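J.: Here it is: the structure, laid out below.
Read the figures in this text as sums done on the coordinates, not as results from a lab. Bear in mind that the values here come from a model prediction, so they are computed numbers and not experimental data. Note that each Cβ is placed from the backbone with ideal geometry, even for glycine, and that neighbours are counted across all protein chains shown.
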Amino acid sequence: MNYIIVTGTSRGIGEAIIRELIQKDNHLFCISRKKNMSLISEANSKGVNLDYFEYDLNNLCDIDKLMNGIFEKVDMIRARGIYLINNAGIISPIKIIDKCDKYDIIKNINVNLTAPMLMVSNFIRLAKDIDAEKRIINISSGAASNPIEGWSCYCSSKSGLDMFTQCVGQEEMNKEYPTKIISFAPGIVDTNMQKEIRSSSEEDFPNLETFIDFKDKGKLKAAKDVAKVIKKVLFDKEFEQGKAVDISDYI
């Protein structure tokens, strides 16, 4: 049995990933602020185990409790593989830094960086003695390596996530039962995050017209197509420890 944890499953890439993984040899754990009843119904109709955890990842203090609850449902003996996809993320605030509300800055770093760090920390701790395939994909962004005016929080959080991934990859290399970890930049995807970007003002985000053009000219990737690639990467033999990879490496 494969046990697969995915955050941000209420919509977008996270929802699409779960749809790709609804198969009888997978036990799925979905995490988002609100339940996605469509995913639950689809899993039930196909006889696939799916547990849903309504949780706001801005609440850092209870992530230990969340992960403990998930791992209580993992059969350590039957586990062929245990996987975590840290997909949840937010783009806001879309403003130059001196115009950003302090609570919006904190929330961005909490959701995009600190929460994934805590998820990874708990995953490795709880799975350290399990002799099974263990993999983590942190969903990153091209913005991690490209500074963008108005996105200082988002770019910084994703850059931090890439570096965190590389550090953990090194830490795991010499362990008896290592967890493999990579970060994955999915490209520009047609999700609600893109809608939020297009609804921002040019004053706050000078590159606004570029992102409107991405939509108008059909340059956005479909979430379901990106999810297919992520599924392939998750189980790929070539899963390079600690690497920051891009969807263009696979398509």
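J.: Restricting attention to segment 56-91, report how many residues are among the hydrophobic types (A, V, I, L, M, F, W, C) and in contact with a helix residue (DSSP H, G or I) (Cβ under 7 Å, 6 or more places away or on another chain).
T.: 11
J.: Being touching a Phe, Trp or Tyr at 6+ places or on another chain (Cβ under 8 Å) and either over 17 Å from Asn138 (Cα atoms) or not in a helix (DSSP H, G or I) (or both), is that true of even one residue in segment 195-202?
T.: Yes; the residues of segment 195-202 include at least one that is touching a Phe, Trp or Tyr at 6+ places or on another chain (Cβ under 8 Å) and either over 17 Å from Asn138 (Cα atoms) or not in a helix (DSSP H, G or I) (or both).
J.: Here's another thing I want to ask about it. Quick one: Lys134 ticks every box in (1) more than 15 Å from the chain's Cα centre (by Cα); (2) among the charged types (D, E, K, R); (3) part of a helix (DSSP H, G or I); (4) crowded, with 21+ Cβ neighbours inside 10 Å except a single one, so which number is it?
T.: For Lys134, the failing item is (3).
J.: Under the condition of being crowded, with 23+ Cβ neighbours inside 10 Å and of a type outside the set (Ser, Thr, Tyr), which residue from segment 29-38 is nearest to Val111 (Cα to Cα)?
T.: Ile31
J.: Now for a separate question. Any residue in segment 166-178 that's farther than 22 Å from Ser140 by Cα and free of Cβ contacts under 8 Å to residues at least 12 places away in the same chain: show its pairings with residues that are surrounded by 15 or more Cβ atoms within 10 Å (Cβ to Cβ) and not basic (Lys, Arg) at Cβ separation under 8 Å, as long as the two are six or more apart or on different chains.
T.: Hits for this filter: zero, empty list.
J.: Evaluate the following for Pro186: is it touching a residue at least 60 places away in the same chain (Cβ under 8 Å) and out of contact with any Asp or Glu (no Cβ under 6 Å at 6 or more places or on another chain)?
T.: yes
J.: Taking only segment 189-242 into account, find how many residues are at positive phi and among the aliphatic types (A, V, I, L, M).
T.: 0
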